[in-house]
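Data block below; observations after.
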Amino acid sequence: MERGRNPRGQGDRLRAEIVRTALRLLDELGDDQALSLRAVARELRIAATSVYLHFADRDALVLAALRQCQAELAAATAEAESAAAGPRERLRARALVLGAWAHEHPGLFKVLHETTLHQRADMSFREEVAAGTTAAVQRCMDAGDAPPDDAATVALDLRTAVHGAISMRVNQPGRSWPPLEEQVDRFLARLVYRTG
């Protein structure tokens with residue numbers, strides 16, 4: 001059964017529904033190449049041409065979905081940070097948000113961080129979260145919780161370690177892993193605070 005048309009002037013609502021559906025399918029598929037505009041149209045019970053009115057091709061739709069995904073992740077990170085007490089706790093909260101999110105959305109994690117789309121398209125929108133981690137590391141240094149250093153380099157090392165730990169969990173879900181919190185604490189001790 002075909003879905004009813006949006007009232008005139010509500011094309012933005014359809015666009016949002018297309019993006020939301022693409023996010024759900026990407027999470028299920030875990031592969032941006034497996035998504036098709038026709039599949040999104042089928043899910044929404046609309047003509048494929050309706051999707052093409054909003055997105056020129058699959059990459060355009062995937063990028064729009066990932067921008068929304070990244071914005072939601074940035075908001076969750078900011079919320080977790082604001083609930084934490086001091087610089088150390090805020091940095092730890094940032095690191096753990098991605099792990100919790102990836103546990104709930106392993107397919108989206110793969111598409112956001114392991115896709116070949118990075119080689120074809122500008123994904124600089126991902127830099128907001130990276131910049132936030134650098135700022136959080138700098139706050140630890142400013143507070144005397146971490147030795148002075150180049151915060152961007154330390155943050156990159158930390159992000160690399162955390163992303164690697166999460167990626168291994170996403171890609172090898174049947175393996176027995178230590179709690180991510182313990183691993184993150186070790187990364188923080190060794191890479192940021194240099195106590196381990």
- Message: What does the charge count around L66 come to, taking other residues whose C-beta lies under 11 Å from its C-beta (Lys +1, Arg +1, Asp -1, Glu -1)?
- Response: -1
- Message: Let me check the size of the chain from its C-alpha atoms; what are the radius of gyration and Dmax in Å?
- Response: 19.3, 63
- log10 I(q)/I(0), Debye, Cα-only region 129-196, no solvent, q = 0.20, 0.21 Å⁻¹? -0.79, -0.85
- Item | Probe 1.4 Å, protein heavy atoms only - accessible area per residue of the chain in square angstrom | 54 Å²
- Among L35, L156, L53, residue whose mean-square fluctuation peaks in a GNM of the chain (springs only between Cα atoms under 10 Å): L53
- Message: Sequence gap at least 6, Cα distance under 8 Å: using those rules, report the relative contact order of the chain to the nearest whole percent.
- Response: 19 percent
- Name the helices (complete DSSP H segments) of the chain with a Cα length along the long axis of 24 Å or more and a Kyte-Doolittle mean of at least 0.5, or state none. 151-171
- Message: Could you tell me how far the Cα centroid of region 93-161 sits from the Cα centroid of region 16-76, in Å?
- Response: 24 Å
- Determine the dipole magnitude for region 87-196: charges of +1 sit on the beta-carbon of Lys and Arg, -1 on that of Asp and Glu, nothing else is charged, the reference point is the Cα centre, and the result goes in debye to the nearest 20. 260 debye
- Task: Among W177, Q70, A135, flag the residue with its Cα farthest along the positive direction of the charge dipole of the chain, charges on Cβ as +1 for Lys/Arg and -1 for Asp/Glu.
- Result: Q70
- Message: Taking all protein chains in place and a 1.4 Å probe, what share, in percent, of the accessible surface of the chain do carbon and sulfur account for?
- Response: 50 percent
- Query: Where nothing but the Cβ of Lys and Arg (+1) and of Asp and Glu (-1) is charged, how large is the charge dipole of the chain around its Cα centre, in debye to the nearest 20?
  - Reply: 600 debye
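The values are calculated or read from the model by the stated rules, or taken from the named source; none is laboratory data. Not measured: the values here are computed from a predicted model. Note: ideal-geometry Cβ built from the backbone for every residue, glycine included; neighbour counts use all protein chains shown. The area values use the complete protein model at the heavy-atom level, side chains included, leaving out ligands, DNA and RNA. Shrake-Rupley method; radii C 1.70, N 1.55, O 1.52, S 1.80 Å.
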